[in-house]
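The structure under discussion appears below in the form of structure tokens.
The values are calculated or read from the model by the stated rules, or taken from the named source; none is laboratory data. This is a predicted model, so every value here is computed, not measured. Don't worry about glycine lacking a Cβ; one is built from the backbone with ideal geometry, like all the others, and counts go over all protein chains shown.
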Amino acid sequence: MKDAQPRVTRLSEYRPPDFLVDTVDLRFELGDEFTLVHSRLALRRNTAAGAGNAPLLLNGQGLSLLSISIDGQALEASNFRYEEDLLEVPSVPERCLLETCVRIEPQKNTALEGLYRSRGMFCTQCEPEGFRRITFFPDRPDVLARFSTEIVAPREGFPVLLSHGNEAARGELPDGRHWVRWEDPFPKPSYLFALVAGDLVSLDDSFTTCSGRTVVLRIFVEPKDLDKCAFGMDALKQSMRWDEEVYGREYDLDIFMIVAVDDFNMGAMENKGLNVFNTSCVLAHPDITTDAGFLRIAGIVAHEYFHNWSGNRVTCRDWFQLSLKEGFTVFRDAQFSADTGASVVRRIENVALLRTAQFAEDGGPMAHPVRPDSYLEINNFYTLTVYEKGAELVRMIRELVGAEAFRRGSDLYFSRHDGQAVTTEDFVRAMEDASGRDLGQFRLWYTQAGTPQLLFRDEYDAADATYRLHVAQSCPPTPGQPQKDPMHVPVRLGLIGSSGELAFTDAGSAKATEHVLELRDAETTFVFTGIPERPVPSLLRGFSAPVKARFDYSSADLERLMRLDTDGFARWDAGQTLALRVLQSRMAGQGGADPDSGLQSAFRALLLDTSADPATVAQMLVLPAETYLGELAEIIDPLAIHAARQSERRALAHSLKAEFLDCYSRLTPEADYRVDPVQVGRRSLRNACAHYLSLLGDAQCRALLREQYHAARNMTDRLAALTALVQGDPDPQASGATALLQDFEARWRHEALALNLWFSVQAQRPHAGALEDVRALLGHRDFELRNPNRVRALIGAFCSGNAPGFHRADGAGYRFLGEQVKVLDPMNPQVAARLLAPLTRWRRHSPLHADGMRAVLESLRALPALSPDCFEVVNKSLAAPGG
Ligand code: TRP
Ligand code: ZN
């Protein structure tokens, strides 16, 4: 049941809880028809909160209350009230035991929040506000309690019963049921609660911590998936070691468990000692998982594990502080991925994600600060801004205070706040206290939304060997924030001379080839003396700040950076800037026969350079994404952007066919498949070449790709060949792609994760008739609207990754999305609201498209029972800009 008008929650209205919970004892009786949840809360009035006689208010959503008592006395109906998702008991003793029994129906829970069933098993998702769908509780992250959980279920079908902490007891009941009791010694907020019951098997291992304790590690899956756990286990052990070595963080319980669940709204969840994972984020096997999939899995396993400290031991005071745990933990998992793999390539991938998706969010109607100050539905705030931009903020702090002070700061943060629920302010203060740096102005990054712009200009005076770099910063208005103050921005700078990097000093510092400039004012000039020649500035090395930077580089400047810059990220970025120009001139209609000799010669040099790192070259061959091009344009014309990018890719394929072929055949696959940086890099470059070659649609390349598909011994190479033929080749009939799609389907029909790839490849085939393909696939026997992964693989992939299909001029793509959201919203509002993202930016499109997008949003707004999730997205999208 939904509120008629969702209420706004504001940070400014935060108040400490009136009641605290010392212990929670839960008892679940799981059943097919219904589940009983018995709860006993040891409550205590929070004297620090002030209000001495405030009523007891507990959250509870959709619960059937069967009994309620205080200190053993059943409550009369007149002594409590359960209305509008709140249980109110007007008068309770200062300390008391509240016992309730509620009845819930997990088998009917399609929203996948709270307790629900996924392919027969019982599982939970409580973050952020799912626990209130299980039992009555002050369901807010600043109430930390010690949990014990008893689970009773039929042995048949549910041999495995899991919750947190340590198993304390187990037993059998005479009726064929059994029970297990778990006790978690660490106080935790309700959002970290988890329970799992099912017919599961586990891969078991162990880890010895730095202080010599042995921790049991178990990954639970359905029996058919037991062969897909080894990689995740390895990633887990690596993460545990890394967190000890890099952050001094040791694991704190005797057992750490992961459970893989098929129906899951997001990637994974860090419940204390019992992480629950979307199968797509933990199950891995070379036959069904691509290299990108493997790396993603390692990153997510690390992410959830790292939450044990950044999130669980130190948690959030309220949901406005979400980035406290998410931004910091994304930063930590990115550091881990960089340390254990190809660091430059990982950084490039991160930046590409920021620029395409996070910048778009920051420039649209849902833009919000990293620490938002209001929301309607907190589920809508698990965003790229909170996660990815939040991680960039932590990264900038490290850039500003230095690696050593940063580590002292994190140690101080963890020791000062262990067991507490705190704020982003507490995090920044720990960094200040440990480093002695003033981060006062830096705090604006947490409260101001929008992507800052830096405009650079330079001057070189040969006579006195002086180089001046001028910077002007600004930040565009965002909803509710018309005016912005200048930010504190770290700008990592190098100066590239005609034959390489120059050493220089910054404000009297020692000579070095790189410095971190600190920008604070709206306009600044940095002066460098003793510079022997006019340099090309290498700006924002490593992407030292999440900003849009402009500098009027000549093509020769960019080529110099691509050739001589020692910063791998900056070399890639120079190539992206060069490519951007070529694409922008194509879009402006200047796309003649050979508009881009600069790009072609740069690509040729890359393909011929056998000493270059293949993984980096592969990244450099990828033209800027369509969404990034749109983000940079005044008015987004998705069809023109797609056409320009496509024709440029085709032109490159034509003029560099020999080089692509040569590079492709040089990189023959190794016999044994391993996910190591060298192999992954080689495969990524070979497959990048394959994709260019597919655009030619010639017989030779088709034969090569079909051969690759059939000869492939792993999903990376097989899927790359299939994708190239389906999406690159102008004619899928002649290319043989149709037959390969059938082959793929037959091979992988029973592997849900592989079949998702099959749905996505087709959903993203760029042509005007793609909508009809997608409609046909909705009727496929294996398509299920109830499984979020499948919805994302088909509907999500089409709407956010198929411009010609989704943005077709008659608006049918938009109406299709509207229809799907309308059906999905009553089932699963979280997933429905996320699907709407491509429509939110309608104002930036030309009227032809904007009208169609707006019409769909308006039709959704007119629905009688829209969820708060979709309501918020739809209303903010339609609101007057700046409002
Ligand atoms: N805390 C989870 C993470 O590590 C996010 C998450 C998982 C989540 N499942 C969710 C958030 C469901 C909201 C709803 O990033
Ligand atoms: Zn997280």
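Some observations on this one:
- Note on segment 108-143: among residues that are surrounded by fewer than 24 Cβ atoms within 10 Å (Cβ to Cβ) and of a type in the set (V, I, T), the one that is nearest to the chain's Cα centre (by Cα) is T110.
- Test: residue in segment 356-377 that is closer than 24 Å to F231 by Cβ, in contact with a helix residue (DSSP H, G or I) (Cβ under 8 Å, 6 or more places away or on another chain) and within 16 Å of ligand 2 (Cβ to nearest atom): no
- Screening segment 688-800 for helices (runs of 4 or more DSSP H) wholly inside it with 3 or more residues that are in contact with a Leu (Cβ under 8 Å, 6 or more places away or on another chain) returns the ranges 699-711, 715-723, 737-748, 752-763, 770-778, 788-791.
- Which listed residue, of S499, S538, S544, is of a type in the set (S, T, N, Q), in contact with a helix residue (DSSP H, G or I) (Cβ under 9 Å, 6 or more places away or on another chain) and more than 30 Å from A334 (Cα to Cα): S499
- Flag if L757 is closer than 25 Å to L353 by Cβ and either hydrophobic (A, V, I, L, M, F, W, C) or modelled with pLDDT of 95 or more (or both): yes
- The numbered conditions (1) more than 30 Å from D234 (Cβ to Cβ); (2) free of Cβ contacts under 8 Å to residues at least 60 places away in the same chain; (3) surrounded by 18 or more Cβ atoms within 10 Å (Cβ to Cβ) are all true for G176 except (3).
- Residue check: S239 meets all listed conditions (1) among the small types (G, A, S); (2) within 16 Å of ligand 2 (Cβ to nearest atom); (3) not in a helix (DSSP H, G or I) but one, namely (3).
- Residue within segment 296-310 that is hydroxyl-bearing (S, T, Y), within 16 Å of ligand 1 (Cβ to nearest atom) and touching a Ser or Thr at 6+ places or on another chain (Cβ under 8 Å) present: yes
Each row is one residue, and each column tells you yes or no for (1) farther than 28 Å from R313 by Cα; (2) more than 16 Å from ligand 1 (Cβ to nearest atom); (3) of a type in the set (S, T, N, Q).
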position	(1), (2), (3)
G327	no, no, no
F336	no, no, no
L353	yes, no, no
A360	yes, yes, no
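- For L66, the criteria (1) surrounded by fewer than 19 Cβ atoms within 10 Å (Cβ to Cβ); (2) closer than 30 Å to G157 by Cα; (3) touching a residue at least 60 places away in the same chain (Cβ under 8 Å) hold in every case but one, which is (3).
- Among the candidates G248, G293, G267, residue that is within 16 Å of ligand 2 (Cβ to nearest atom) and in contact (Cβ under 8 Å) with a residue 12 or more places away in the chain: G267
- Looking only at segment 300-310, and only at residues there that are part of a helix (DSSP H, G or I) and within 11 Å of ligand 2 (Cβ to nearest atom), the one that is farthest from Q420 (Cα to Cα): I300
- For segment 372-384, residues that are surrounded by fewer than 24 Cβ atoms within 10 Å (Cβ to Cβ) and within 17 Å of the chain's Cα centre (by Cα) total 5.
- Counting only helices (runs of 4 or more DSSP H) that sit wholly inside segment 534-644, those with at least 2 residues that are acidic (D, E) are 555-564, 626-632.
Condition check ((1) closer than 29 Å to L757 by Cβ; (2) surrounded by fewer than 22 Cβ atoms within 10 Å (Cβ to Cβ); (3) not β-branched (V, I, T)) across all residues:
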| residue | (1), (2), (3) |
| --- | --- |
| K272 | no, no, yes |
| H285 | yes, yes, yes |
| A298 | yes, no, yes |
| A302 | yes, no, yes |
| Y305 | yes, no, yes |
| T315 | no, no, no |
| A334 | yes, no, yes |
| T340 | yes, yes, no |
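- Any hit, segment 318-337, residues being more than 14 Å from ligand 2 (Cβ to nearest atom) and more than 24 Å from M620 (Cβ to Cβ): yes
- Within segment 441-489, considering residues that are surrounded by 16 or more Cβ atoms within 10 Å (Cβ to Cβ) and basic (K, R), the one nearest to L324 (Cα to Cα): R443
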